[in-house]
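Readers should treat all values here as calculations from the given coordinates under stated rules, not as data from a laboratory. The structure presented is a predicted model; accordingly, all values stated were derived computationally and were not measured. Don't worry about glycine lacking a Cβ; one is built from the backbone with ideal geometry, like all the others, and counts go over all protein chains shown.
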Amino acid sequence: MSFSITSNSAAASAGFHLAKNQAAMQMSMRRLSSGKKIIAPHEDPANLSVSMKINASITRLAGAQNNLQNSISFLEVQDGILASAAKIITRMNELKGLASQDPMKSSQDIASYDDEFRDLQVQLYQMSGETFNGVSLFANYGVNGAESVFRDARTNNTVSVHTSSDGATGSKISLHKSALLAALTLRSDTLAAAAFSTANNSATAGAASVFSFAATSSTNGMTLDKVSAGVFDKALSNVAFLRAQMGGSMSRVTIASENIARQKTNLSAAQSRLMDIDIAEETARMAKYSVLIQAGAAMLSQANSSSDIALLLLR
């Protein structure tokens, strides 16, 4: 057996492996404490780059989903107003029947019905000007006296909402602003001949007579005696069309929102596979390094004590 006094190679080797195991142990502890398998960029540059891009897509999708949720709220508020408008038209139709079909009503009773009829017209006009967070809910166009006519879904009066992580370059949905005022403005040439009473034909000769359910004030609204029952059915039909149009938009927005939620889930799973640590595997690895550190420390102690034997030989 030989002993080297100037160089303890066993102790140097034990110290090297002890330091290496300590560094691995510290890395395992950092990974477990952070929950990430990639702590520093040099560990896996490619996967880190992919993960950052996926995370950016998830963030953009979250913004698009929030926009779609606001769109659903926009459409829900619009539909609620349209439902109220239909209720008002139904009540106006009832007032027409109460005022004209009951011979026991006095002129004062009829005047009371007429006041309510005018007030409901004002209410319809005010409802058509409602907004959602400052954005008008309705496209109040096409109400120009005898030229008024109900416009359908082909009229381009929309609000565009982006539905992907690509922003303006990606897919989008166009939300129609319901043409409430135009739906409540009826022309005699779009209805049966009996739709308007003679008293309503106040337009110039040869022009179409017009009745609008929406008045800016009670003074310029139509009275009960100037409109026949036929116009109520047409107005309700128009409002029903607007609600159906809105329902189609809401169906599309809801599907788009569900699609984005599904994309977010899948992208989050992809990012997890790239970045999230396997707790069981890393815990086992940390236990391994813990044992190796203790064994390395013991071997280093033994290697250091081997020099004592050489000193005994010199005595």
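With r defined as the distance between the Cβ atoms of Glu281 and Ser13 and R0 fixed at 22 Å, what FRET efficiency is calculated, to the nearest 0.05?
Numbers: r = 29 Å, r/R0 = 1.30.
The pair Glu281/Ser13 has a calculated efficiency of 0.15.
To the nearest 0.05, how large is the calculated FRET efficiency for Ser237 and Glu94 if R₀ is 25 Å and r is the Cβ-Cβ distance? Spell out each step's value before the answer.
Numbers: r = 17 Å, r/R0 = 0.70.
Using R0 = 25 Å, I get an efficiency of 0.90.
Tally Lys/Arg at +1 and Asp/Glu at -1 over every other residue whose Cβ is under 15 Å from the Cβ of Ile293; what's the total?
Computed value for this residue: +3.
Give me the number: length gained by fully extending Asn70 to Asn304, i.e. 0.36 nm times residue separation minus the C-alpha to C-alpha distance, one decimal in nm.
Working: separation 234, 0.36 × 234 = 84.24 nm, distance 7.21 nm.
Net length gain for the segment: 77.0 nm.
Once R0 is set to 35 Å, what does the formula 1/(1 + (r/R0)^6) return for the Cβ-Cβ distance between Ala168 and Ala83, expressed as a FRET efficiency to the nearest 0.05?
On the way: r = 34 Å, r/R0 = 0.97.
It comes to 0.55.
For Ala62 paired with Thr219, estimate the spin-label separation in nm (one decimal), with each label point 7 Å from Cα along the Cα-to-Cβ line.
5.6 nm
What pairs from Lys53/Lys288; Lys87/Lys226; Lys37/Lys172; Lys36/Lys172; Lys87/Lys264 go past 30 Å between their alpha carbons? Intermediate results must be reported in sequence, preceding the final value.
On the way: Lys53/Lys288 34 Å; Lys87/Lys226 21 Å; Lys37/Lys172 37 Å; Lys36/Lys172 35 Å; Lys87/Lys264 41 Å.
Listed pairs above 30 Å: Lys53/Lys288; Lys37/Lys172; Lys36/Lys172; Lys87/Lys264.
Using mean Cβ contacts within 10 Å as the protection proxy, how do 73-80, 32-39 order, highest first? The partial results should precede the final answer.
Details: 73-80: 17.1, 32-39: 14.1.
Per-residue mean Cβ counts within 10 Å order the peptides as 73-80, 32-39.
Report the local net charge at Val253: Lys and Arg +1, Asp and Glu -1, summed over other residues whose C-beta lies under 13 Å from its C-beta.
On the way: positive: Lys172, Arg252; negative: Glu76, Asp79, Glu258.
For residues surrounding Val253, the net value is -1.
Over the stretch 5-114, one equal point on each Cα, no solvent: what is log10 I(q)/I(0) by the Debye formula at q = 0.09, 0.16 Å⁻¹?
Reported log10 I(q)/I(0), two decimals: -0.63, -0.94.
Using the basic label-point model (7 angstrom from Cα toward the beta carbon), what is the Ser112 to Thr265 distance in nanometres?
5.9 nm
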